[in-house]
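I have placed the structure first, in the form of structure tokens, so that the comments after it can refer back to it.
The values are calculated or read from the model by the stated rules, or taken from the named source; none is laboratory data. A quick note: this is a predicted structure, and the numbers were derived from the prediction, not measured. Neighbour counts run over all protein chains shown; Cβ positions are idealised from the backbone, glycine included. These accessible areas exclude ligands, DNA and RNA; they are computed on the full protein's heavy atoms, side chains included. Shrake-Rupley method; radii C 1.70, N 1.55, O 1.52, S 1.80 Å.
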Amino acid sequence: MNTILRKSVLGIAGLAFTGGVFAGPVAAHAADTTAHAKPVTATVQSDKLIPHGVQGDQSRIDLNDEQTKNVKAIIAATKKAGMDERAAVVSIATALQESKLENLGHLGDRNDHDSQGLFQQRPSSGWGTVEQITDPEYSTTAFLKGLKQVDGWQDMPLTKAAQTVQVSAYPDHYAQWEQQAADLVAQHWNS
């Protein structure tokens, strides 16, 4: 089989797989539905969404209505900030890692310091008040403001761009959400 035909077949298989993922059942608790897959070799997104390809194994969760609403809020805030689809991919992947796209309040003993909201931002670190950082539009705008200050973020692997803003104890964990974040941006950017 020649290379072009093989790539076409892989691309169609990837589209069929992605369609099946989006048509699958929605889980009640996203944190319990994390699935791991090997890196996708044939992506259906343009280079604009995944310019460097995905790094390492990819995770995927089924989203409930609240999580989907938060995806749409992140995309709307990204557009309002005048940023492109790649910024939305970085933002959504970051929120997937930090909160599984759930707008978390204070978790008591399970809380990481005073981290809250979609991006697990901390009032004590200057991200804003609790009310602000638990507002999806505000928290996304705050994240994007930080991203804009990262020189060359557009040319960095997603995990490096996200880590530069977030300063996480687990800097490589953002990479596992890149494919799902790109899929969500492709699905919701024009809706």
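Some points to look at:
- Qualifying residue in the range 150-166 (condition: modelled with pLDDT of 95 or more and among the aromatic types (Phe, Trp, Tyr)): yes
Condition check ((1) without any contact (Cβ under 8 Å) to a residue 24 or more places away in the chain; (2) under 19 Å from residue 122 (Cα atoms); (3) not small (Gly, Ala, Ser)) across all residues:
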position: 132; (1), (2), (3): yes, yes, yes
position: 140; (1), (2), (3): no, yes, yes
position: 150; (1), (2), (3): yes, no, yes
position: 158; (1), (2), (3): no, no, yes
position: 165; (1), (2), (3): no, yes, yes
position: 180; (1), (2), (3): no, no, yes
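- Of the criteria (1) at pLDDT 50 or above; (2) hydroxyl-bearing (Ser, Thr, Tyr); (3) open to solvent by 30 Å² or more (accessible area, probe 1.4 Å); (4) touching a Ser or Thr at 6+ places or on another chain (Cβ under 8 Å), which one residue 68 fails: (4)
- Restricted to helices (runs of 4 or more DSSP H) entirely inside the range 101-191, those with at least 1 residues that are within 28 Å of residue 48 (Cα to Cα) and open to solvent by 10 Å² or more (accessible area, probe 1.4 Å) are 136-148, 158-166, 178-188.
- Qualifying positions in the range 43-65 - assigned to a helix (DSSP H, G or I) and either closer than 14 Å to residue 191 by Cβ or modelled with pLDDT under 90 (or both): none
- Complete set of residues in the range 66-88 that are in a helix (DSSP H, G or I), over 16 Å from residue 101 (Cβ atoms) and hydrophobic (A, V, I, L, M, F, W, C): 87
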